[in-house]
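*Asks:* There's a structure below that I have some questions on.
None of the figures in this text is laboratory data; all of them are computed from the coordinates on show. All of these numbers come straight from a predicted model, not from anything done at the bench. Here Cβ is always computed from backbone atoms with ideal geometry, including for glycine, and neighbour counts include all displayed protein chains.
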Amino acid sequence: MLDEVEGIIIKVIPYGETSKIINVLTKDRGVIGIICKGAMGLKSKLRSVTDNLDYGIFNIYYKKDKLSTLVSVDIINPFKKIKSDILLISYATYITDLVSQVLKQVNDNNIYDDYIKALIKIDEGLNPIVITNILETKLLDYLGVSLNLTSCNICGNKKDIVTLSSEKGGLICKNCYKDEKILPIEIIKILNMYYLVDISSINEIKIKDSIINEINLFLTSYYDDYTGLYLKSKDFLKKISKL
Ligand SMILES: [Zn+2]
């Protein structure tokens, strides 16, 4: 029976002379493998709709736990801007890897939704660091290492917060402060906003570059220290964005 499945291509593997196998991260069925017969042929109508990051409705003959077979794709968004820019591709690759890892641990439709919303916003030209950081902030809950942004992470004091430290796992108050780097206190407010904002509602970003970079550094080391995730695509991103 022909099935319609919403999803995005996260991996493409050549198969035989003219075919491909695509891995599609779907809205409702996790990652599924689909064979695209003849899709590398010059005249195939599947050729232009079976690349990495093609997002759409996949019309398939679905086989659970086996390769499904592709019939056609109705593209929702080809993410053209992302595909034309190596830096944006790197961000998209990283968040794809990250979301794939998180989905191995937790199954929640919000993760897929936030991931697609983030790609749409990056493709619309919004700052990819900010959008990536917002997604990273939201994913911390699913990874079981939520950021505590309301009280000192050492003593629980809600007052006299002086800075935020990834090494100490969150906020630090005056009494617990030793020699941690003092970060601008507005970072706490912005991180809270990252945590709460609906990504699809963001139309412009008015945050100073210096603050964006501090938050990115903080989240990068928080991820390194607490999530146990190691992603090659993140290393690559660090290199090319010269973090
Ligand atoms: Zn304290």
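*Asks:* Are there any trypsin sites (Lys or Arg not before Pro) in region 129-221 that are in a DSSP loop and have at most 13 other Cβ atoms within 10 Å? List them by number.
*Replies:* Within region 129-221, the qualifying trypsin sites (Lys or Arg not before Pro) (loop, at most 13 other Cβ atoms within 10 Å) are K158, K159, K174, K178, K181, K206, K208.
*Asks:* Kindly flag which residue pairs out of K66/K117; K37/K64; K27/K234 have an alpha-carbon separation exceeding 22 Å in this structure. Intermediate results must be reported in sequence, preceding the final value.
*Replies:* Numbers: K66/K117 29 Å; K37/K64 19 Å; K27/K234 24 Å.
Long pairs (Cα-Cα over 22 Å): K66/K117; K27/K234.
*Asks:* So, one more: Can you return the lysines within cross-link range of K121? Criterion is Cα-Cα under 16 Å, with same-chain partners fewer than 8 residues away left out.
*Replies:* K80, K81, K83, K138, K206
*Asks:* For region 135-147, take each phi angle, set θ = phi - 60°, evaluate the Karplus expression 6.51 cos²θ - 1.76 cosθ + 1.60, and give the result in whole Hz per residue in order, putting x for glycine and proline.
*Replies:* 4, 4, 4, 5, 6, 4, 4, 5, 7, x, 10, 4, 7
*Asks:* Let me ask something else about it. For S90, S44, what ranking results if the residue with the fewest other Cβ atoms within 10 Å of its Cβ goes first?
*Replies:* Lowest count first: S44, S90.
*Asks:* I need to check one value: relative contact order of the chain, counting alpha carbon pairs closer than 8 Å and at least 6 residues apart, in percent.
*Replies:* Answer for the chain is 14 percent.
*Asks:* Moving on. Starting from a Cα-only point model with no solvent, please compute log10 I(q)/I(0) by Debye for region 127-225 at q = 0.17, 0.21 1/Å.
*Replies:* Values returned for q = 0.17, 0.21 Å⁻¹ are -0.74, -1.11.
*Asks:* Something else now. Mean residue ellipticity at 222 nm from the helices of the chain, using -39,500 (n - 2.57) per DSSP H segment of n ≥ 4 over the full residue count, to the nearest 500 deg cm²/dmol?
*Replies:* Theoretical 222 nm ellipticity from helices: -12000 deg cm²/dmol.
*Asks:* Now, a different point. Show the residues, 5+ positions off or on another chain, whose built amide H is closer than 5 Å to the amide H of N153.
*Replies:* L171, I172, C173
*Asks:* Right, something else. Neighbour counts of other C-beta atoms within 10 Å: give me E204, E180 arranged from fewest to most.
*Replies:* E204, E180
*Asks:* Evaluate 2.2 N^0.38 Å with N set to the residue count of region 170-216, then give the Cα radius of gyration divided by it.
*Replies:* That works out to 1.38 for region 170-216.
*Asks:* For each of C36, C176, C152, count neighbouring Cβ atoms within 10 Å of the residue's Cβ, then give the residues from fewest to most. Present the calculation step by step, with values, prior to reporting the outcome.
*Replies:* Details: C36 25, C176 19, C152 22.
Taking fewest neighbouring Cβ atoms as first place, the list is C176, C152, C36.
*Asks:* Running a GNM on the chain with Cα contacts under 10 Å, which residue among L231, L217, L42 ends up with the highest mean-square fluctuation?
*Replies:* L42
*Asks:* Regarding the chain, what are the three Cα extents along the principal axes, ordered largest first, in Å?
*Replies:* Here the spans come out as 68, 33, 30 Å, largest first.
*Asks:* Still on this structure, I have one more. I need the shape label for region 1-130. Rule: rounded when a/c is under 1.5, else prolate if a/b > b/c, else oblate, with a, b, c from the alpha carbon gyration tensor.
*Replies:* Oblate.
*Asks:* Provide the per-residue ³J(HN,Hα) series for region 57-63, in order, calculated from phi with Karplus coefficients 6.51, -1.76, 1.60 and θ = phi - 60°, each as a whole number of Hz, with x at glycine and proline positions.
*Replies:* 9, 9, 8, 9, 8, 7, 10
*Asks:* Still on this structure, I have one more. Tell me, rounded to the nearest percent, the portion of alpha carbon pairs in region 194-243 spaced more than 18 Å apart. Numbers along the way, then the final one.
*Replies:* Values: 566 of 1225 pairs.
Pairs farther apart than 18 Å: 46 percent.
*Asks:* Count neighbours as other Cβ atoms within 10 Å of each site's Cβ, and list the chymotrypsin sites (Phe, Trp or Tyr not before Pro) in region 1-100 that are DSSP loop with at most 15 such neighbours.
*Replies:* Details: sites: Y15, Y55, F58, Y61, Y62, F79, Y91, Y94; in loops: Y62, F79.
Filter output for region 1-100: empty list.
*Asks:* Across the Cα atoms of region 1-41, what radius of gyration and what greatest pairwise Cα-Cα distance (Dmax) are found, in Å?
*Replies:* Values for region 1-41 (Cα only, Rg and Dmax): 10.8, 31 Å.
*Asks:* A follow-up question, please. Which of the cysteines in the chain are isolated, no other cysteine C-beta under 4.7 Å?
*Replies:* Cysteines lacking a close Cβ partner in the chain: C36, C155, C176.
*Asks:* Related question: Only loop residues by DSSP count here, and only those with at most 13 other Cβ atoms within 10 Å; note down the chymotrypsin sites (Phe, Trp or Tyr not before Pro) in region 185-238 that meet that.
*Replies:* Here the sparse-neighbourhood loop sites are Y230.
*Asks:* Using 7 Å Cα-to-Cβ label points, what is the D65/K80 separation (nm, one decimal)?
*Replies:* 4.3 nm
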